[in-house]
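J.: Mind looking over this structure? Questions follow.
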Amino acid sequence: MCLGTMVECQIDGAEFQDVSLPVYLPPVRQAGTHVATFQLEFDRADIDSDVAAIFLPRFADGLRLELNGDPISPNTDNFERYKDKPFTRLWHLPFYTTFTERRLKETGNTISIELEAYNFTQITLSPVYIGDAFRLRIANQFRFVARNGYIRVAFALQVGIGGFLLLLWLARREDTEYGWALAANLAACLTCWHYILPNTPFSAHAWTLIWNIAIQVYIYALYRYSRKVIKLPSSRVTIVWVTAFCLLSSLTLCFIPVQQLAVGLTYYHIGNGLLALSVPYLFLVNLRSNPYINAAHFMIFIMAFSFLARDFIYIYVDPDRAIFQMGQFVPLLVFTIITGLLLTRLAISLNQAESLQQTMKQTIEDKSAEIVAKENQLAVTRERHRIMLDLHDGVGGQLVNTLAYMRGKKRSDPVVKSSMEAALRDMALIIDSLEGYEDLSTLLGSLRSRIEPLLDENQIRLLWHLNGTPNIETNQRSNNLSIIRIIQEAITNAVKHSKAETITVSSDDRSITIIDDGKGFDLQKARQKTGTNSGMGLEGMKHRAQEIGIDCHIRSTPSGTQVQLLWPT
């Protein structure tokens, strides 16, 4: 049975007057407390249960209850700890207690409810329920979970995330958003404690100042946290103004006389509301910078702001339009978005760490392959150096000694002497290729120095025109050596057969040309003489060129011969 009409109310000792529940009596401008007494009547027949109970879903602030003149102390269920205190703030809890049938009369049972509140808080009483004890007990438990149990869970979560934020802030001092999130978390814990247990060792006036200032610290820390998450450029002017506003408003609140505290809290909460509205506004105007993160923050903070607005309506405007206070849900909402941000950053960090690990693994594999390649290259280089020394000190030394011996004799076979000189030049060319010169221009320079003594001996002038650096795609030692051998063969043929006075070697980025001014020769007859011997003469030159993918064009007239090597660009 709900008792909400035909209720008599006496305010601060004045005469009783008829009211309807719920009743909200505003704060008064006087020192101490203000008291209101409500009387409700019912008959025994209105209760359809052998075990009856009374249930008050919402009231404020201190409670004293009588049934037919007998006190019913708030000493059961949620109120056991308050039974010996004359005035204890109980606005955060519902009230439930049973009473025996012997206390009831058949008609005209009277319930007297005396509520006492400090002058800066309101007296509140919602409709009263009497009836079956089991049903009302279930209703009381649901109400307790919604009003107090829920905020206890939120408080426990805030303590847990606070410890994590502390460790994170100590580990990453440069990320100041973690520090501001920690400050907001501590302020939220203090605010949650007010909803859990408003009776503290402090006086009611002091505690009211503390937890209201904690709300402002909470909003201010969230404002600074939001600027860091959005990565707004540092604006000293804006931050100084916001900080100054918070400090001045809090100091003003502390020095307001207790009789005017209710009015001061009204303006204080309006200022906090405007500051709180700036938090979702920051995320809204910077939505494009990080759409998903900023949109999630905006939705959560605008929802939290709407809850605070409902509480403001409940306290200051029209309590009937805000039946249930929502302020206790705000810390859990903010806890959700901060935890979501941390988890998002954790996921991003894990992905980056995994990507870095893969990159490092690939780098290690590449470097290992590079080291193996360099070791192989070093082994090849050492082997080439050994072969070069063997050629130079062994075969080369014997050829030089034999040639010197033949030059010292008055009579010597000119054919053998010429062959030995050619062999010595070939060996010098092989040694040059083993030196590790991979650049064709370098090998051309080496060839010039090797071939000039032969030309001087035959009184042939050598002209060398480099109009560009030869740029062949297959720029490898073996290919370059084949090109040098073709050039060497063309120059040797000119020396032996053309009776030329001048040999010109010219090059550009895609060709090398050798021209002599000798008597020329018949290409058809020369091919018939060489037959199929691919290692000698003209056919050998063409065969070498074909193997490395370049073209060898030979043209000869009575005024000279031209050998041109061409490769694709």
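The values are calculated or read from the model by the stated rules, or taken from the named source; none is laboratory data. In this text the structure is predicted, and so the values were computed from the model without any measurement. Cβ atoms come from the backbone with ideal geometry, glycine included; neighbour counts cover every protein chain shown. Surface areas here come from the heavy atoms of the whole protein model, side chains and all, with no ligands, DNA or RNA. Shrake-Rupley method; radii C 1.70, N 1.55, O 1.52, S 1.80 Å.
J.: Filter the range 201-212 down to residues that are out of contact with any Cys (no Cβ under 8 Å at 6 or more places or on another chain) and either at pLDDT 90 or above or part of a helix (DSSP H, G or I) (or both), then give me how many there are.
T.: Selection size over the range 201-212: 8.
J.: Next question. May I ask you to verify whether GLY149 is farther than 30 Å from VAL263 by Cβ, part of a helix (DSSP H, G or I), open to solvent by 10 Å² or more (accessible area, probe 1.4 Å) and at pLDDT below 85?
T.: yes
J.: While we're looking at this one, here's another question. Please list, ordered by first then second residue, the pairs with beta carbon atoms under 6 Å, 6 or more apart or interchain, first in the range 424-452 and of a type in the set (Val, Ile, Thr) and at pLDDT 70 or above, second crowded, with 19+ Cβ neighbours inside 10 Å and in a helix (DSSP H, G or I).
T.: Pairs found: ILE451/ILE491.
J.: Quick one: in the range 6-36, of everything that is among the polar types (S, T, N, Q) and not in a strand (DSSP E or B), which residue is farthest from TYR129 (Cα to Cα)?
T.: GLN30
J.: When the residues of the range 545-569 are narrowed to those that are open to solvent by 80 Å² or more (accessible area, probe 1.4 Å) and either in a strand (DSSP E or B) or of a type in the set (D, E, K, R) (or both), which ends up modelled with the lowest pLDDT? Give the steps one after another, and end with the answer.
T.: Just the residues of the range 545-569 that are open to solvent by 80 Å² or more (accessible area, probe 1.4 Å), to begin with: 546-547, 551, 555, 558-559, 568-569.
Going one step further and asking which of them are either in a strand (DSSP E or B) or of a type in the set (D, E, K, R) (or both), we end up with 547, 551, 555.
Details: GLU547: 85, ASP551: 89, ARG555: 90.
Among those residues, the one meeting the criterion is GLU547.
J.: When the range 344-385 is examined, which residues are found to be open to solvent by 100 Å² or more (accessible area, probe 1.4 Å) and modelled with pLDDT under 80?
T.: ARG382
J.: Which of (1) more than 60 Å from the chain's Cα centre (by Cα); (2) at pLDDT below 80; (3) surrounded by fewer than 15 Cβ atoms within 10 Å (Cβ to Cβ) does TRP464 not meet, given it meets every other one?
T.: Failed condition: (2).
J.: Go through (1) buried (at least 18 other Cβ atoms within 10 Å of the Cβ); (2) modelled with pLDDT of 85 or more; (3) farther than 23 Å from GLU452 by Cβ one by one and return the number of the condition THR513 breaks.
T.: Of everything listed in (1) buried (at least 18 other Cβ atoms within 10 Å of the Cβ); (2) modelled with pLDDT of 85 or more; (3) farther than 23 Å from GLU452 by Cβ, THR513 misses just condition (3).
J.: So if I check each of GLN260, GLN216, which one is in a helix (DSSP H, G or I) and open to solvent by 40 Å² or more (accessible area, probe 1.4 Å)? Reasoning before the result, please.
T.: Numbers: GLN216 fails: open to solvent by 40 Å² or more (accessible area, probe 1.4 Å).
None of the other options fit; the residue is GLN260.
J.: Let me ask something additional. Can you list residue pairs whose Cβ atoms sit under 6 Å apart, with the first residue in the range 482-505 being farther than 17 Å from GLY445 by Cβ and the second being among the hydrophobic types (A, V, I, L, M, F, W, C) and in a helix (DSSP H, G or I)? Count only pairs 6 or more apart in sequence or on different chains.
T.: Here the result reads GLU489/MET541; ALA500/ALA494, each pair linking the range 482-505 to a residue that is among the hydrophobic types (A, V, I, L, M, F, W, C) and in a helix (DSSP H, G or I).
J.: Turning to a different aspect of this structure: Does ILE161 satisfy the condition of being more than 22 Å from LEU90 (Cβ to Cβ) and part of a helix (DSSP H, G or I)?
T.: yes
J.: Now for a separate question. So, PRO198, is that one outside any helix (DSSP H, G or I), touching a residue at least 60 places away in the same chain (Cβ under 8 Å) and not β-branched (Val, Ile, Thr) or not? Even if it seems obvious, please write down each step before you answer.
T.: Working: outside any helix (DSSP H, G or I): yes; touching a residue at least 60 places away in the same chain (Cβ under 8 Å): yes; not β-branched (Val, Ile, Thr): yes.
It is true that PRO198 is outside any helix (DSSP H, G or I), touching a residue at least 60 places away in the same chain (Cβ under 8 Å) and not β-branched (Val, Ile, Thr).
J.: Taking the criterion of being closer than 23 Å to ALA422 by Cβ, at pLDDT 80 or above and surrounded by 15 or more Cβ atoms within 10 Å (Cβ to Cβ), would at least one residue in the range 524-535 satisfy it? Let's see the steps before the verdict.
T.: Narrowing the range 524-535 to residues closer than 23 Å to ALA422 by Cβ: 526-527, 529-535.
Keeping just the survivors that are at pLDDT 80 or above gives none.
Checking the range 524-535: not a single residue is closer than 23 Å to ALA422 by Cβ, at pLDDT 80 or above and surrounded by 15 or more Cβ atoms within 10 Å (Cβ to Cβ).
J.: Among the residues of the range 348-369, is any of a type in the set (A, V, I, L, M) and closer than 27 Å to VAL159 by Cα?
T.: Just the residues of the range 348-369 that are of a type in the set (A, V, I, L, M), to begin with: 348, 350, 353, 356, 360, 364, 369.
Remaining after also requiring closer than 27 Å to VAL159 by Cα: 348, 350.
Within the range 348-369, one or more residues are of a type in the set (A, V, I, L, M) and closer than 27 Å to VAL159 by Cα.
J.: Would you please name the residue that is surrounded by the fewest Cβ atoms within 10 Å (Cβ to Cβ), looking only at residues in the range 264-293 that are among the aliphatic types (A, V, I, L, M) and in contact (Cβ under 8 Å) with a residue 60 or more places away in the chain?
T.: ILE293
J.: Something else about it: If you scan the range 121-141, which residues turn out to be in a loop (DSSP other than H, G, I, E, B), polar (S, T, N, Q) and open to solvent by 20 Å² or more (accessible area, probe 1.4 Å)?
T.: Scanning the range 121-141 gives THR121, GLN122.
J.: If I filter the range 92-138 down to residues being touching a Gly at 6+ places or on another chain (Cβ under 9 Å) and hydrophobic (A, V, I, L, M, F, W, C), which single residue comes out as nearest to VAL28 (Cα to Cα)?
T.: Here the answer is PHE120.
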